[in-house]
Every structure is written in C-alpha cells, then in structure tokens.
Amino acid sequence: MMDEKRMTAPYPSVGADEGRSLTKPGDSLSEYALNCKYSEAIENEWMKRLPSYIETVSMSELFDNVYKNKTPIIDGLLCPGMYLFVGAPKLGKSYLMAQIAYHVSTGMPLWGYPVRKGTVLYLALEDDYGRLQERMYRMFGTTENENLFFCISAKQMGNGLDDQLKRFIQEHPDTSLVIVDTLQKVREADGEKYSYASDYQIITRFKTFADLFDICFMVVHHTRKQRADDSFDMISGTNGLLGAADGAFLLQKDKRTSSVATLEVSGRDQQDQQLFLVRNEESLCWELDHVETELWKLPPEPLLEEIAKRITTDDPEWSGSPTELCSFLGVDMKANALTQKMNVNAGRLMQEYGIQYWNKRTHAGRQVGLRLVPRDDA
C-alpha cells in the first residue's frame, strides 16, 4: 500500500511529507527544470499553477517536517546558491577563482577549510585557452583533473546560456560549482543601463537556476572607484545585485602592487568573515595568513552524540516508531518532541556524523529511521 501523504507546504522537503506540487506528478524541481525551457516562462508557468489563496504552514507543521539542508561546498565559506565575487580590475580575482575551482574539483582543503568534491564549470569569458593553460600550469603543474571544465565563449543569461548550462548539468550531474567570469559578459544589453530592477533580475536568474539544481554560482564582477563606509557598497551597479544574491566575496588591496589582500565574506548561510591573504609570487596562488573572525561553532548536541554511538558501521541502520526511537536512544522525552528536535537537527546530523534521518507517515503510522551513509555518498 502506498504511503499516505499530508498536504502541508507547497514545496516538498527531503524526507518530509510531500505537499501540493507545482510540477507534474512524479517530477522533481530539477527534472522539471531540465524538461522546460528555462527563462521567464518558467516563473510565469509557476505563477499560473499557484492557488488563488495564500497557502500557509503553521509553526507546528513547520517543525513536523524535515527540510533539505544546504551542505556547504567549502565549509564555512561557500554554500549552494548565488554569490558575487567582486574586486577592482586586474587585482588577481581570476587567479583566486582558478584556485577555488581547482580545490572544489579535486576535493582538496582550501586554506584548511574542508572541501566537498564536485564537478566545476569555469566560464573564463575574458581569457583564451592559451592563457588558461599557462595560468593553471604555473599554479598547479600538469596534474590531471577530469572534473574541472573551462569555457571561453558562452551565450547570455536568458538568451541561450540557460540551455547551455542545463545541457552541461545533464552530462555532469555531480556539478557543484559554476564560475562566471565576468557578469558583464553574460548579461543582455539593456537600454536601462542598469536599473535596480535589471540588476535584481539578472542575479535572480542565476539564483533560481542555482536553487533548482542545488549548485553554487560564483559570478565575478567589479567594484566602483568610490570608497564607502560599508565595503560591499563599493560593488559596481545598484543594490539590486547584492540584494538578490545569497552572498558576496570582496577582494581588496591597499596598493595594487602589493602581494597582500583582504577577502571579506558575507552571506545568508555562513558567518561573516575577513581573511587576510598573501599571494605566492612563484605559483601565483593566494595563501591564507590569518582570519580576523574565527568561525562560531554550534555547541555539542548530546542527542546527536548519542545517535552516533548507536549508528555505526557494525549497526548502520535503524527504523521504527517515534516512541521506539525514544526507547532506542534511552532519552526521557515525549515522542513528538523528540521527532521535532530530530527534524530540526537532521542536516547537522548528516553533516557532522554522516547519519541520515528520515521521517514519514505510513499506513501503520509515523515512522522514523537512521542510516549511516558512506562519506562518498553523503
């Protein structure tokens, strides 16, 4: 018998009861995006399918669901979403982009920050292949890398690039990062030159794409010459660019000839930081000198530690009712309170311990489960 399904939030979450879907039955958002022409037509189609009333989720229902967690690409630095990477021209942005691309494509830690390996597409639209070859050789030698792809010519977002990106993701489903260098190369010429609305729209296109496919976009852009009290106000263009983005990286030097720079990081899904970098004049790679703001870490959660003691390679899986979970973990909590706490901490359980938690309603009642996931599959 098929599982009963509750009607709650309009967007079903991972491991949660499915709600009213905006796609065809059986289609995920990614499948829907792949099968449709990505443009404003998708947004218009979604709007048509929305009900004529505001569909809501109560606070109680909010805690009854397990929502998909954004697993960082670079712990503490970069998550799936849309990020601007800004700095003055000829400051070394492309070298840092190449460095990030290489580390993500190989899974090698960057400045001590853990990295999750994935395919990377680097749209180096202001370069040629000869310059890229020389740059990558000087930075990393001739090591083979089948997960990092370069492109020096692409269409514009909303005018062909969307389809090109979808095709690449179809062929490389493990894609986790797309670097666009630079924004100006992929935005359509607009008579408004450029208004808040047009700035907001181009970034929203990238963000919508990133959210649909659970990947990260890093879009390179320039700063204006005028100084500002808030460094991020130096981003060239209107506030619509940063307003629509999930975060931004700002690379600055006191003197253009200096080998020392600061990298400011701000975003919705990570703590604001300021990193002090030094450029290695031989390899041209950026090296970390120190970090001004140390990452704040969540305090230990005894419940998750208790789960990690019981779900091991010798005993990798457990499932049962919420009441049985209380007994299994030996905790003195009401079953409903325990499952709500697990729903909130499911992402942390996966990220810190590699244990997947699921929660669903079946004909026999609410069922929950725990499964140790091999790190390669996490």
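The condition of being in contact with an Asp or Glu (Cβ under 8 Å, 6 or more places away or on another chain) and farther than 30 Å from GLN99 by Cα holds for only one of LEU370, LEU325, that being LEU370.
For the condition hydroxyl-bearing (Ser, Thr, Tyr), more than 17 Å from LEU96 (Cβ to Cβ) and modelled with pLDDT of 95 or more, THR119 qualifies. Is it the case that the range 56-65 has a residue that's buried (at least 21 other Cβ atoms within 10 Å of the Cβ) and under 18 Å from the mean Cα position of the chain (by Cα)? No: zero hits. If you filter the range 360-376 down to residues that are surrounded by 17 or more Cβ atoms within 10 Å (Cβ to Cβ) and at pLDDT 90 or above, you find that the one that is farthest from TYR67 (Cα to Cα) is LEU372. Beta carbons closer than 9 Å, at least 6 apart along the sequence or on distinct chains, pair a first residue in the range 121-144 that is buried (at least 17 other Cβ atoms within 10 Å of the Cβ) with a second that is in a strand (DSSP E or B) and polar (S, T, N, Q) for LEU121/THR175. From the list THR339, THR312, THR323, which residue is of a type in the set (Val, Ile, Thr) and under 18 Å from SER60 (Cα atoms)? On inspection, the qualifying residue turns out to be THR339.
Quick one: which of ASP162, ASP199 is at pLDDT below 90, part of a helix (DSSP H, G or I) and crowded, with 16+ Cβ neighbours inside 10 Å? Write out each step before concluding.
Values: ASP162 fails: at pLDDT below 90.
Just one listed residue meets the conditions, ASP199.
Just checking, which of LEU284, LEU298, LEU275 is surrounded by fewer than 11 Cβ atoms within 10 Å (Cβ to Cβ), under 30 Å from the mean Cα position of the chain (by Cα) and in contact (Cβ under 8 Å) with a residue 12 or more places away in the chain? Step by step, each of LEU284, LEU298, LEU275 is checked, and only LEU298 is surrounded by fewer than 11 Cβ atoms within 10 Å (Cβ to Cβ), under 30 Å from the mean Cα position of the chain (by Cα) and in contact (Cβ under 8 Å) with a residue 12 or more places away in the chain.
Evaluated against (1) more than 29 Å from the chain's Cα centre (by Cα); (2) over 30 Å from LEU91 (Cβ atoms), ASP254 falls short on exactly one condition, (2). Residues in the range 75-88 that are assigned to a loop (DSSP other than H, G, I, E, B), in contact with a strand residue (DSSP E or B) (Cβ under 6 Å, 6 or more places away or on another chain) and in contact (Cβ under 8 Å) with a residue 60 or more places away in the chain were compared, and the one that is nearest to GLU264 (Cα to Cα) is LEU77.
Kindly establish whether PRO72 is surrounded by fewer than 18 Cβ atoms within 10 Å (Cβ to Cβ), out of contact with any helix residue (DSSP H, G or I) (no Cβ under 7 Å at 6 or more places or on another chain) and either part of a strand (DSSP E or B) or of a type outside the set (Ser, Thr, Tyr) (or both). If you could, list the steps in order and put the result at the bottom.
On the way: surrounded by fewer than 18 Cβ atoms within 10 Å (Cβ to Cβ): no; out of contact with any helix residue (DSSP H, G or I) (no Cβ under 7 Å at 6 or more places or on another chain): yes; either part of a strand (DSSP E or B) or of a type outside the set (Ser, Thr, Tyr) (or both): yes.
Taking the combined requirement at face value, the residue does not satisfy it.
Filter the range 263-299 down to residues that are outside any strand (DSSP E or B) and either closer than 23 Å to MET234 by Cα or not polar (S, T, N, Q) (or both), then give me how many there are.
Qualifying residue count, the range 263-299: 17.
Residues in the range 243-299 that are of a type in the set (Asp, Glu) and modelled with pLDDT under 85: ASP254, ASP269, GLU292, GLU294.
Scanning the range 93-110 for residues being among the hydrophobic types (A, V, I, L, M, F, W, C) and surrounded by fewer than 17 Cβ atoms within 10 Å (Cβ to Cβ) gives a total of 1.
The values are calculated or read from the model by the stated rules, or taken from the named source; none is laboratory data. The model shown is predicted, which means the values in this text are computed figures rather than measured ones. Backbone-built Cβ (ideal geometry, glycine too); neighbour counts: all protein chains shown.
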